[in-house]
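Any read-out appearing in this document is the output of simple, stated calculations on the displayed coordinates, not a laboratory observation. Treat the numbers as computed from the prediction; the structure is a model and nothing was measured. FYI the Cβ positions are ideal-geometry reconstructions off the backbone, even for glycines, and counts take in every protein chain you see.
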Amino acid sequence: MTAPHRSDPPRLQGPSSRLRTRLLVSHLIVAVAALGTVLLAVSLVGPGYFAEAMGHGPGEPGGAIMDEITLAAFQDAVRTALVAGFLIALATAVAIAVALSGRVADPITRMAAAALRISTGHYAERVPAAGTGEVRELADTFNAMAASLEDTERRRLELVGDVAHELRTPLATLDGYLEGIEDGVVAPRDETWALLRRETARLTRLVDDLSQLWRAEARQLPLTLAVVDLAVVAAETAEHLRAVAADRRIEIRIAVAPHFMAVGDRDRVAQVIGNYLSNALRYAPEGSTVEVVARDGDEAWIGVRDEGPGLTVEQRTRVFERFYRIDASRSRALGGSGIGLPIARALADAMGGRAWAESAGPGLGSTFWLALPRSGWS
């Protein structure tokens, strides 16, 4: 299988020379204007000051008319000095303008070329963080933007691969059994139809979860924000999962004070808590306890604590990624799609809250938190 061809990035056609020329011209215009002003001022004011210095000012003996030879010599000397000074100053201004133009134009040109390459899919492009002040800040900001785009593209490719992987197993099962029934190898018994039904349900659940995740991350889910009693929502959500917990002899406890209020969408809050509880029941050992806990402060925190395998530092940072599983085989056996926690985080963000995980380390359990704004109501 050949790798997809990616064309060479296009090159900018002469932007450096154009920008450098414009900056150089602007500097020279300022320099010429300043030198012309000095030349004019000296030409107009110089003779008067020279006359006073020579003792020929107004009201003084001989001050009415300055000696013509002396005045001509002065004007000639001033003219020569001004022309020489103008040429020297102009040459200095050109040298400085060229240097400054290069310092400003070169980083901007590199960023423009890098931006053009990024637009064609070369997301690893970066620019040197050279220069000082605003130019360096611009380069740092550009590199941060490029890193974000590269990470987004990486996640997009991973999502495509993960979705393909998740769909492959149930589709292969369905295809195999249907082919077996068609060839007469597999008897169409009730158990066979039940298995096929489970696989189609798994596909439907995965597609629904993906659709919900996309809508949540795109802020396309309708939300009805209101004051919510988190204690009531937690109790109702836990009640729906007690049968699942009983199958594994897990006790669900509610440790949330009555009238623990926050602002959120009631159904979405229940969905986040439900995802946390389902995740805890999936990993908690049999005979353990899963507890819904709360913490009061500037925000209303509600979380689900389990006695499961715990999380490492890396797992805490990745557990909310799409399709990430700590124990893939166990998750699949219990019906996990790897999308529940990403949906929880997307819903928390949409409600103006936060979602994260805490753990003291492997073997020490974990707590998944949802923080929502306080209602401010009594």
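With θ set to phi - 60° and the Karplus curve 6.51 cos²θ - 1.76 cosθ + 1.60, what are the ³J(HN,Hα) couplings of the range 232-244 in order, to the nearest whole Hz, using x for Gly and Pro?
Ordered by residue, 3J(HN,Hα) equals 5, 4, 5, 5, 5, 5, 5, 4, 5, 10, 5, 5, 5 Hz.
Report the FRET efficiency, 1/(1 + (r/R0)^6), for residue 248 and residue 144, where r is their Cβ-Cβ distance and R0 is 30 Å, rounded to 0.05. List each step's numbers first, then the result.
Working: r = 45 Å, r/R0 = 1.51.
Computed FRET efficiency for residue 248 and residue 144: 0.10.
Provide the per-residue ³J(HN,Hα) series for the range 77-90, in order, calculated from phi with Karplus coefficients 6.51, -1.76, 1.60 and θ = phi - 60°, each as a whole number of Hz, with x at glycine and proline positions.
Using θ = phi - 60°, the values come out as 5, 5, 5, 5, 5, 5, 5, 5, x, 4, 5, 5, 5, 5 Hz.
Go through the range 172-185 residue by residue and turn each phi into a ³J(HN,Hα) via Karplus (6.51, -1.76, 1.60, θ = phi - 60°); whole Hz please, and just put x for glycine and proline.
Ordered by residue, 3J(HN,Hα) equals 5, 5, 4, 5, x, 5, 5, 5, x, 5, 5, 8, x, 7 Hz.
Taking 0.36 nm per intervening residue step and subtracting the Cα-Cα distance, what contour gain separates residue 167 from residue 214 on full extension?
Values: separation 47, 0.36 × 47 = 16.92 nm, distance 1.71 nm.
Result for the pair: 15.2 nm of gain on full extension.
Whose amide H sits under 5 Å from the amide H of residue 265, counting only residues 5 or more places off or on another chain, with H placed in the peptide plane?
Sorted by chain and number, the residues that satisfy this are 226.
Arrange 92, 237, 109 by Cβ neighbour counts within 10 Å, fewest through most, would you? Intermediate values should be presented prior to the final figure.
On the way: 92 11, 237 23, 109 20.
With the fewest neighbours first, 92, 237, 109 line up as 92, 109, 237.
Between beta-carbons, use under 9 Å as the cut-off and find the net charge around residue 226, counting Lys and Arg +1, Asp and Glu -1. Numbers along the way, then the final one.
Numbers: positive: 266; negative: 265.
In short, 0.
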